[in-house]
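As structure tokens, the structure follows; a few thoughts come after it.
None of the figures in this text is laboratory data; all of them are computed from the coordinates on show. No experiment lies behind these values; they were computed from the predicted model shown. Virtual Cβ from ideal backbone geometry, glycine too; neighbours counted across all protein chains shown.
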Amino acid sequence: MDNAKRMNLRLLPAVERVLQRSELVAATTRYGRAAATDWVRHVLAELRSDASANLPADAAAIESLVVARVVELAEAAAARRLRRVVNGTGIVLHTNLGRAPLARAAIEAVVEAAQCTNVEVDLATGRRGPRGAAVETLCCEVTGAAAALVVNNCAAATLLTLQTLAAGRRVVISRGQLIEIGGSFRLPDVFRQADVELSEVGTTNRTRLADYADAIRPETVALLRVHPSNYRIAGFCESVAIDELAELAQSRGLPVIDDVGSGCLYDLTPYGLPEEPIVQHSVRAGADLVLFSGDKLLGGPQCGVIVGRADLIERLRKNPFARALRVDKLTLAALEATLEIHRAGRAFEEIPTLRQLSLPAEAVEARGRSLLERLRADATMPERFSLQQVVSAPGGGTLPEQTVPSWAVAVGGSNADRLAARLRLGSPAVFGRIENERLLIDLRTVMPEDEDDLVRGLLAATKD
Ligand SMILES: *Cc1c(COP(=O)(O)O)cnc(C)c1O
């Protein structure tokens, strides 16, 4: 270390002195004195150990440098917290952005339930009541099933179902349906965890009813069908429909479990989307248990819903595991409000996921035109903004390879990566995507109530 640097290190301020600086008052109040002290010590230690750090020559300048670095650390801590994000990626169910954004009514229900609630008490009698009973009734009403149970997610639903009905026994599944979801949930591993023997039938691309029939042995306790949500087997392929499978299972006195994944309650083909398994169809076709996620096409909170035969649901409920996988009152409240919207027939108007997926491209374009006008009216360089035709994706491990025509605000004229970073760190954070060196904000996934924030964020990020 050179002499000048050694001299300047002697000018480093005391921790206490830095903490007194007005710039750090807000951070100290918010994160506490202990955290702020750690940050100051960290910055001082870094300056001491980094021989290449160019320290200014006077104490006041050094102190300001330290304060600025501590403020950066405080801002980084703020950026790590959970906060609202404007989704301009065009991916409707964005796993990293929390999958389905809740409907307004569901958000309000969560806020109300966050206080003391009647989650396990019957208000009419004042006695203890079954947890989640009202939500389960709603699950039955919208799906046509006899009984329901809500757990933490669809992965938990699969685990609980296999463990309860088949531990130490055998379950038959098609080779083409041994899925992996999200990098760590691999069906063969789940079977192992639940101590269930996997009986794979058919081939990757073709499985026929006879394959299932031939695989049934005395130790077989169920047939499982899993929807290949996040991939497609195309070309020369064949699989067995749920009604045929249910018929076979019934004739052998076995239950059939249908993991449909996305929790779709409607035919989406009129909106130009491909066929997804519909929960009510599976129930009607005779599936004994149907499993699905709450935060995919159902458009609700993260949870896993199991609907079906009352005696089987009762067995799941009695498994001690069920307690470990149960959902909290906030989830119950959000799910209840979401299901009420489905029951009332207003899902495509009020549930963001379905509204965004079904929005005609012309409606997205019209919103784009008016946003573009607002941006250009107030921008220092209006020509940086334009409107561009793009394609959105459903995402979230649903409808793979499917795209939907959409429109995006394109921002040119500067480094797209830097602009994207600025928008992410804004308040609220804005996420877009980069294509051909231009930042795109796909308007299909931007909530209408986020538009003012989006305009403000874009103008602030492109000011210079
Ligand atoms: C998404 C999905 C799951 C996992 O659902 P989570 O709610 O994310 O646990 C399981 N099975 C299928 C078929 C799915 O599509």
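Quick rundown of the values:
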item: At least 27 Å along the helix axis (C-alpha) and Kyte average at least -1.0, DSSP helices within the chain; result: 59-80
item: Top positive-direction residue, dipole computed over the stretch 138-228 with Cβ charges, set Thr143, Ala166, Pro218; result: Pro218
item: Leu209/Ala78 FRET efficiency (R0 56 Å; Cβ-Cβ; nearest 0.05); result: 0.45
item: FRET E, pair Arg175, Leu387, Förster distance 56 Å, beta-carbon r, rounded to 0.05; result: 0.75
item: Qualifying GluC sites (Glu not before Pro) for the stretch 342-451 [loop in DSSP, other Cβ within 10 Å: at most 13]; result: Glu401, Glu437
item: Distance-filtered residues of the stretch 197-215 - backbone nitrogen under 16 Å, label point 7 angstrom along Ser251 Cα→Cβ; result: 208-215
item: Dipole moment magnitude, nearest 20 debye, the stretch 53-198 about Cα centre, only Lys, Arg, Asp, Glu C-beta charged; result: 400
item: For the stretch 346-388, radius of gyration divided by Kirkwood radius, i.e. Rg to Rh on alpha-carbons; result: 1.16
item: 14 Å beta-carbon shell around Thr29, net charge (K/R +1, D/E -1); result: +2
item: Spatially proximal lysines relative to Lys318 (Cα-Cα < 24 Å; intrachain offsets below 8 disregarded); result: Lys329
item: Restricting the stretch 155-221 to GluC sites (Glu not before Pro) in coil, as DSSP defines it, with at most 14 other Cβ within 10 Å; result: Glu219
item: Extension reserve of the Arg128-Asp378 stretch, reckoned as 0.36 nm per residue once the Cα distance is removed; result: 84.1 nm
item: Theoretical FRET efficiency, 1/(1+(r/R0)^6), r = Cβ-Cβ of Arg315 and Asp452, R0 56 Å, to 0.05; result: 0.65
item: Pairs of Cα atoms farther than 24 Å apart, the stretch 316-464, %; result: 45
item: Calculated from backbone phi, Karplus (6.51, -1.76, 1.60) coupling profile of the stretch 286-300 in Hz, x at Gly/Pro; result: x, 5, 7, 9, 10, 10, 7, 7, x, 10, 9, 6, 5, x, x
item: Dipole magnitude of the chain about its Cα centre (Cβ charges: Lys, Arg +1; Asp, Glu -1), debye to nearest 20; result: 1260
item: Rounded if a/c under 1.5, otherwise prolate or oblate - the stretch 254-362, Cα gyration tensor axes; result: oblate
item: Quotient of C-alpha Rg and 2.2 N^0.38 Å, computed over the chain; result: 1.21
item: Length-normalised contact order of the stretch 180-289 in % [C-alpha pairs under 8 Å, at least 6 apart]; result: 24
item: Given charges at beta-carbon only (K, R positive; D, E negative), |dipole| of the stretch 223-358 in Debye; result: 500
item: Bins of 10 Å from zero: percent of alpha-carbon pairs in the stretch 1-153; result: 8, 22, 18, 15, 15, 12, 7, 3, 0
item: Theoretical gain in end-to-end length, Val71 to Ser22 [0.36 nm per residue, Cα-Cα removed]; result: 16.5 nm
item: The stretch 273-377: trypsin sites (Lys or Arg not before Pro) falling in loop per DSSP and having at most 12 other Cβ within 10 Å; result: none
item: Net charge over other residues, Cβ less than 15 angstrom from the Cβ of Ala51 (K, R count +1; D, E count -1); result: 0
item: Pairwise centroid distance, computed over Cα atoms, of the stretch 23-95 with the stretch 226-304, Å; result: 48
item: Nitroxide proxy distance, nm - points 7 Å out along Cα→Cβ at Ala34 and Asp195; result: 4.2
item: Listed residue (Gly235, Leu209, Leu273) projecting farthest to the positive dipole end of the stretch 205-322, Cβ model; result: Leu209
item: Inter-label distance for Tyr271 and Arg232, nm, one decimal - labels placed 7 Å from Cα along Cα-to-Cβ; result: 1.8
item: Pairwise label distance in nanometres, Arg418 with Ser370, each label 7 Å out on the Cα-Cβ vector; result: 3.4
item: Helix-only mean residue ellipticity at 222 nm for the chain, each DSSP H run of n ≥ 4 adding -39500 (n - 2.57), per residue, nearest 500; result: -12500 deg cm²/dmol
